[in-house]
Amino acid sequence: ALRGNKDQFTEVMDMLCSLRRRFVQSQTLLVLVPTDGSTKEEWGWDDDQMGDSLWLADATNIGQFLDYFQDLLGSDEGVSNEDELAWFALNFKGRSIASGLGEAPKILELMGQQLQPMELIDDTDAAVVPADMPVANEILECQSKFYNVLTSTGDLEAMKAIFTDGKMQEVNEVIGAGGRIDGWVECLKPDARPANMVIADQDIFVSSPTLAYSTCVEFPPNSFIDGATLLASQRWVRETANDDWKLELHQTIPWAAGTRAGGTLRCDCRGCVALTSSQEKRTFGGLIG
């Protein structure tokens, strides 16, 4: 459940919609509780792409939800947090598994840690992209090119051409905290890249003519033995509707039934940073994707 106003929900709607298929697969239900009476249409909801949602519920008793949030959060004397974005997550037993105040949840990380898939996903599952959405199919083709370089050719110049020149905040914050970045020249070496990995169950969300997201499930070569699949997300941009799509950010995290992710990987034009709870390893040594 997330509490916020129109502007706060507008900022997170793309992130939520891009992972809509993964919410369904993990049997996760989201409730957005507006503090200002705004509606999902005002937050950027697109019925043409969303259709009947199995993951976003309407909060019909908003007043009770707001009271519950305030009881959970409390406040210091003379200080109110009613205008801050707040959220909490419960498991099937009704126990709290995560919460936050002041910033949106990192949904991909939360999925890897707490919201694993509840249904079987196979490496032969086809992409879920409407044939009558040309832009979505363009993104699907871009995603395919990215993975071809990542898992097969290792062509450094081709990888540079796929990305924008932007240094993404998601990567910057890891570097700023002392994390190490491995450049693409290292990540694409034969003994570092995830050779023979396949992807399946691709999904595309087009936010606007110049912003889109793709997700997929990654299957490393050993996944048929240990079930070690990963969830990956990509963010694509272009300056105008006539330009080519470029990749801004790629992120992947272990996502398999019955296991909790030990780390995540974030990549931009410079290369990749790996966040892992185990001892330091090479970029793709402990976290493939």
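The values are calculated or read from the model by the stated rules, or taken from the named source; none is laboratory data. None of the values given here were measured: they were computed from a predicted structure. Note that we place each Cβ from the backbone using ideal geometry, even for glycine, and neighbour counts take in every protein chain shown. SASA here: full protein model, heavy atoms, side chains in, ligands and nucleic acids out. Shrake-Rupley method; radii C 1.70, N 1.55, O 1.52, S 1.80 Å.
From helices alone, the chain scores -7500 deg cm²/dmol at 222 nm; the rule is -39500 (n - 2.57) for each run of n ≥ 4 DSSP H residues, then divide by the residue total. Which distance in nm do the two modelled labels at Asp58 and Glu170 give, with both placed 7 Å along the Cα-to-Cβ direction? It works out to 3.2 nm between the two label points.
Cα-Cα over 24 Å: which of Lys167/Lys189; Lys106/Lys145; Lys189/Lys246; Lys6/Lys167; Lys145/Lys189? Each step should come with its number before you reach the end.
Details: Lys167/Lys189 22 Å; Lys106/Lys145 27 Å; Lys189/Lys246 22 Å; Lys6/Lys167 28 Å; Lys145/Lys189 17 Å.
Flagged as over cut-off: Lys106/Lys145; Lys6/Lys167.
Taking 7 Å steps out from each Cα toward its Cβ at Asp155 and Lys93 produces label points 5.2 nm apart. Once Cα extents along the principal axes in Å is calculated for the structure shown, the corresponding label among (1) 64, 48, 36; (2) 76, 54, 37; (3) 57, 46, 37 turns out to be (3).
Pairs of Cα atoms under 8 Å, at least six residues apart: use those to get the relative contact order of the range 68-197, whole percent. It would help to have the intermediate numbers written out before the result.
Numbers: 70 pairs, mean separation 19.2, N = 130.
The value is 15 percent.
Where both partners of a DSSP beta bridge lie in the chain, what percent of those bridges are antiparallel, to the nearest 5? Restricted to the chain, the bridges split so that about 85 percent are antiparallel.
Which order do the peptides 266-274, 40-48, 143-151 take when ranked by the mean count of other beta-carbon atoms within 10 Å per residue, highest first?
Values: 266-274: 22.6, 40-48: 14.4, 143-151: 19.4.
Highest mean packing first, the order is 266-274, 143-151, 40-48.
What are the equivalent ellipsoid semi-axes of the range 1-67, built from the alpha-carbon gyration tensor (square roots of five times its eigenvalues), in whole angstrom, biggest first?
Working: eigenvalues 73, 39, 21 Å².
Taking √(5λ) for each eigenvalue gives 19, 14, 10 Å, largest first.
Over all distinct Cα pairs, what is the inverse of the mean 1/r for the range 174-275, reported as the Kirkwood hydrodynamic radius in Å?
Values: mean 1/r = 0.0663 Å⁻¹.
15.1 Å is the Kirkwood radius here.
Per residue, the range 114-191 exposes 56 Å² of accessible surface when a 1.4 Å probe is rolled over the protein heavy atoms with every protein chain present. Only the Cβ atoms of Lys and Arg (+1) and of Asp and Glu (-1) were treated as charged; on that basis the dipole of the chain about its Cα centre amounts to roughly 1120 debye.
In degrees, nearest 10, range 0 to 90: what is the angle between the Cα axis of helix 62-73 and the longest Cα principal axis of the chain? Taking the Cα atoms of the chain, the angle to 62-73 is about 80 degrees.
What does the convex hull of the Cα atoms of the range 99-159 come to per residue, in Å³, rounded to a whole number?
Working: hull volume 11.4 nm³, N = 61.
For the range 99-159, the hull spanned by Cα atoms encloses 187 Å³ per residue.
Each peptide in 111-121, 244-254 was scored by the mean count of other Cβ atoms within 10 Å over its residues; highest first, the order is 244-254, 111-121. Relative to the first principal axis of the alpha-carbon coordinates of the chain, what is the inclination of helix 134-148, with its axis defined by its Cα atoms, in degrees from 0 to 90 and to the nearest 10? Helix 134-148 sits roughly 50 degrees off the main axis of the chain. In the chain, the longest principal axis of the Cα atoms and the axis of helix 6-18 are about 40 degrees apart.
Carbon and sulfur atoms: what percent of the 1.4 Å accessible area of the chain do they account for? Mind showing how you got there, number by number?
Details: 7080 of 14510 Å².
The value for the chain is 49 percent carbon and sulfur by accessible area.
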